[in-house]
Amino acid sequence: MRVRDLLRAGAAKLSKAGANADDPMLGARLLLQHVLAVDAAGLIARDNDPVDSDDEAAFLAAIEHAREWPVYRVIGQRPFYGLSFQLNAATLEPRDDTETLVDAVLDRLKRSDPTLSAPWRFADLGTGTGAVGLALLSQLTNSQAVLTDVSAEALQAAKDNAHTTGLSSRCVFACGCWLEPLAGTFDFIVSNPPYIPTADVAQLHAAVRNVDPRLALDGGGDGLDAYRHILSESRAYLRDRGFLALEMGFDQGQPLSDLGHAMGWSVASVHRDLGHRERVIVFE
């Protein structure tokens, strides 16, 4: 079968049901790129090429798997901020909207360091795959980071990703709950903590609810449990003029702002994601 025909067949299977039914052609393209080890341009260039039987079988098997699992879970890795991150069962998939968190930090740093060349020291709490912390290190070429996670399995994914992205020499990894394993002080702290209210977890799409680790989703009764820990403990670890940048749920801006104010923080800025929803809050 030729590439274009195999793509159509795969997309037709994904369109009928499953985690990738919203954009079956995109899912099929990503899976075939992975099987053929080509990028998007390479796949287009091979549009009329025949696919050998082993690759065809591997692609169709991946399509069947993707009828129940998100396509990047089937692939085992996901791009984020120009890097590629391996996934495991203890990590969330890095989402495009989380790039807003990286952009918010870089925008703030550029005010005092337009070249982003200063030797910043920062912490990424609940790092998961390491996506946020490693993406920042890729842009802050003289900086150092401490990446923490309560899950040793998630932290291993972050370590592996630091190695494959060539950033491991500028990372320290610490296993523990939020700020518990930190030592010293930091110029800023970032986190994408669990923020979905417990009662809402059951309402998530099955592709999220049944695949992503609950530990990384469930934010407690009101979704703000992790923020209470982070806001109450971060001040002792921040240097003068330090700041705290946090991803949040699209409807949590006001309650999180109120929580921060009650704990003595000021809201420096709020940033919107690709869908123009409030997604990141920066405290100082």
Response to the item:
GNM on the chain, Cα springs under 10 Å; top mean-square fluctuation among V74, V35, V201 goes to V35
Item to complete: List the equivalent ellipsoid semi-axes of the stretch 1-98 in whole Å, largest first, each obtained as the square root of 5λ for an eigenvalue λ of the Cα gyration tensor.
Response: 22, 16, 12
Worksheet item: Ignoring ligands, DNA and RNA, what accessible area per residue does the chain give at 1.4 Å, in Å²?
Response: 46
Worksheet item: When the chain is fully extended, how far beyond the present Cα-Cα distance does A236 get from R2, taking 0.36 nm per residue of separation?
Response: 78.2 nm
Discussion item. Given points 7 Å out from each Cα along the Cα-Cβ axis, report the A89 to F250 separation in nanometres with one decimal.
Written reply: 3.2
Worksheet item: Can you give me the relative contact order of the stretch 1-113 as a percent, contacts being Cα pairs under 8 Å and 6 or more apart?
Response: 25
Worksheet item: Please state the relative contact order of the stretch 56-131 as a whole percent: Cα pairs under 8 Å, 6+ residues apart?
Response: 26
Response to the item:
Reduced to Cα centres, the span from the stretch 258-276 to the stretch 196-223 in Å works out to 22
Item to complete: Could you work out which residue, out of P193, P94, P24, moves most in a Gaussian network model of the chain, that is, has the largest mean-square fluctuation with Cα springs under 10 Å?
Response: P24
Discussion item. Relative contact order of the stretch 149-284, please, whole-number percent, based on alpha carbon pairs below 8 angstrom and at least 6 residues apart.
Written reply: 22
Fill in: Bins of 5 Å, starting at 0 and running to the largest distance - Cα pair percent for the chain
1, 6, 12, 15, 17, 15, 12, 9, 7, 4, 2, 1, 0
Worksheet, complete the sentence: Dividing the helical contributions, -39500 (n - 2.57) per DSSP H run of n ≥ 4, by the residues of the chain yields a 222 nm value, nearest 500 deg cm²/dmol, of -11500 deg cm²/dmol
Worksheet, complete the sentence: Taking every other residue with Cβ under 15 Å from the Cβ of P197 and scoring Lys and Arg +1, Asp and Glu -1, one gets -2
Item to complete: Straight distance only, please: which aspartates and glutamates reach the Cα of K16 with their own Cα at less than 14 Å, same-chain residues fewer than 8 apart left out?
Response: E64, E68
Worksheet item: Considering the chain as a Gaussian network with a 10 Å cut-off on Cα pairs, which listed residue, G219, G184, G18, attains the greatest mean-square fluctuation?
Response: G184
Item to complete: Distance between Cα centroids, the stretch 151-182 to the stretch 34-85: provide it in whole Å.
Response: 28
Worksheet item: Helix 253-262 versus the longest principal axis of the chain: what angle, 0 to 90°, nearest 10, using Cα atoms?
Response: 20
Practice prompt. For the chain, give the percent of accessible area contributed by carbon and sulfur heavy atoms, probe 1.4 Å, rounded to a whole number.
Written response: 50
Worksheet item: Can you work out the FRET efficiency for the pair N142 and A57, with r the C-beta to C-beta distance and R0 = 51 Å, to the nearest 0.05?
Response: 0.60
Item to complete: Compute the signed sum of charges (Lys and Arg +1, Asp and Glu -1) over the other residues within less than 9 Å, Cβ to Cβ, of T98.
Response: -3
Discussion item. How much length would be gained if the chain were fully extended between H261 and A40, taking 0.36 nm per residue of separation minus their Cα-Cα distance, in nm to one decimal?
Written reply: 74.9 nm
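The values are calculated or read from the model by the stated rules, or taken from the named source; none is laboratory data. All values reported here derive from a predicted model rather than from experimental measurement. Cβ: placed from backbone, ideal geometry, glycine included. Neighbour counts: every protein chain shown. Note: areas computed on protein heavy atoms with side chains; ligands, DNA, RNA excluded. Shrake-Rupley method; radii C 1.70, N 1.55, O 1.52, S 1.80 Å.
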